[in-house]
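Data first, discussion second: the structure below is written as structure tokens.
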Amino acid sequence: MRKEPRIHRITAYTLLISLLALSVPSRAAEDSVSFAVFEVVDCHSTGAKPMVLKGNPRKEKHCVAPHPIVDQTHLKTAVSATNTDGQPQLRVTLTEEGGKLMQKATQRIMGQGPVRGHLAIVVDDELLDVASVMSVVTDSMVIEGEGLTQKQVDEIAYLLQRKVQHKNQRQT
């Protein structure tokens, strides 16, 4: 049975997203990577985009909102790390604007009642996992998963951080 990933605050500014059975295809260093966090919505909602959960043999389908809450343009940093159990992690810090967007969205989702809302983590237009919102999120996230290799995390972090650096260079 698949353990449901959950999103919750670790500290006032850190979000933990547990991703299970994630696999990201290897890519050349010059390739780009996209990152986005979407709200999971009813599939009958206007503009809802159906996506199949990657790596799930049951081909589990979820629908995401037409627009992300945050995407790679809201990234301040992306760093690979390891948790206390030795599992790889991707630590993502959002810009001030990204933090405000995430806080506003998760506050709204948390206020919708006893049924937990969900967020979808999408990398390179593939639904990697869906996690329950357990608390309000502000400006940073930790993404980890049993199926995620350190090499994959390192590669994603490197490519995302390159995007951040490139964006910063264009602004100066």
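Any read-out appearing in this document is the output of simple, stated calculations on the displayed coordinates, not a laboratory observation. On a predicted model such as this, the values are computed, not experimentally measured, just so you know. A quick note on method: Cβ atoms are made from the backbone with ideal geometry, for glycine too, and the neighbour counts reach across all protein chains shown.
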- Name the residues whose placed amide hydrogens come within less than 5 Å of the amide hydrogen of residue 137, ignoring near sequence neighbours (fewer than 5 apart) on the same chain. 106, 107
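So for the stretch 76-172, what percent of the C-alpha to C-alpha distances run longer than 20 Å?
In whole percent, the share of Cα-Cα pairs in the stretch 76-172 beyond 20 Å is 45.
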- Which order do peptides 119-130, 77-88, 149-160, 36-47 fall in by mean Cβ count within 10 Å, highest first? 119-130, 149-160, 36-47, 77-88
- Message: For a quick check: with amide H placed at 1.01 Å from N, whose amide H comes under 5 Å from residue 41's, ignoring anything fewer than 5 positions away on the same chain?
- Response: 63, 64, 65
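Using the Cα atoms of the stretch 33-138 to build a convex hull, what is its mean projected area in square nanometres?
7.7
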